[in-house]
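The structure under discussion appears below in the form of structure tokens.
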Amino acid sequence: MSRLPPLEPARLAPDQRRVYDAIASGPRGGVRGPFLALIHVPELTDRIQHLGEYLRYGTSFPPRLSELAILVTARHYTCNYEWQAHEPHAQKGGLAQGIIDAIKERRRPDGMQPDELAVYEFTTELLRNGKVSDAAYERVVKAFGTCGAVELGALIGYYIMIGMTLLAHEVALPPGMAPPLK
């Protein structure tokens, strides 16, 4: 159960309504999860949602790879909401189910493509060690350029922030959904 009171769209303040409508009419197609917590601070929500829109839909990474980094981040923090929201996007983006299952089970996936391996190693090292080895960094730069390395670091950081928002406020899973992570 969420620590925050239920959001009633009809009772939003004008600044909340503006941000709510912007999110609902954007590529996300609705206001869910972390934005139900963040909307209590509309200016913060607006800034975060614009950054998230870029990092999710506008980087040089195809969904298969950005969702890989998001799932690794969600698994690292056992963020059930983030996982359940992004596993379908990873599947739709073409990430192999075996890779998804291995991450869910906290195992290193077998059979990753070279670009997946580069993203996986960069992400796991950053989360586990708070830094990335020269070898992992160079693999990402070789595969995606400096721009890709910067985008990947920002993507991971963004989903850490989103995960912390979800966990701190105990944002509930959709009704009837069991936690996918243990």
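Size descriptors for segment 2-119 (Cα atoms only): Rg and Dmax, in that order, 16.2, 50 Å.
Candidate membrane-span-like segments in the chain, meaning DSSP H helices with Cα atoms spread over at least 30 Å of their own axis and a Kyte-Doolittle mean of -0.5 or above, are 134-168, with no membrane implied.
For the pair THR146 and SER25, what calculated FRET efficiency results from E = 1/(1 + (r/R0)^6), where r is the Cβ-Cβ distance and R0 = 41 Å, to the nearest 0.05? Please list the in-between numbers first.
Working: r = 34 Å, r/R0 = 0.82.
Taking R0 as 41 Å, the efficiency between SER25 and THR146 is 0.75.
Pairs of Cα atoms nearer than 8 Å and 6+ residues apart set the relative contact order; for the chain it is 31 percent.
What separates the Cα centres of segment 32-73 and segment 105-131 is a distance of 20 Å. Using the Cβ-Cβ distance between HIS40 and GLU125 with R0 = 35 Å, the FRET efficiency computed as 1/(1 + (r/R0)^6) comes to roughly 0.55. When you count the other C-beta atoms within 10 angstrom of each residue and take the mean per peptide, 170-176, 8-14 line up highest first as 170-176, 8-14.
What list do you get for MET161, MET177 if you sort them by fewest beta carbons within 10 Å? Display every interim value, and only then the final one.
Values: MET161 15, MET177 11.
Result, fewest neighbours first: MET177, MET161.
Would you kindly calculate the translational diffusion coefficient of segment 63-160, applying Stokes-Einstein with the Kirkwood radius from alpha carbon pairs, for 4 °C and a viscosity of 1.567 mPa s, and quote it in µm² s⁻¹ without decimals? Translational diffusion coefficient: 99 µm²/s.
Calculated translational diffusion coefficient of segment 12-57 (4 °C, 1.567 mPa s; Stokes-Einstein with Kirkwood radius over alpha-carbon pairs) equals 126 µm²/s.
Could you pull out every one of the lysines with an alpha carbon less than 21 Å from that of LYS92, ignoring same-chain neighbours closer than 8 positions? Reachable lysines: LYS104. With neighbour counts taken as other beta-carbon atoms within 10 Å, the residues CYS79, CYS147 rank, fewest first, as CYS147, CYS79. Annotation for LYS92 and HIS169: the two label points, set 7 Å from Cα along the Cα-Cβ direction, are 2.3 nm apart.
Any read-out appearing in this document is the output of simple, stated calculations on the displayed coordinates, not a laboratory observation. Computed from a predicted model, the values in this text were never measured in an experiment. No Cβ is skipped: glycine too gets one built from the backbone with ideal geometry, and neighbour counts run over all protein chains shown.
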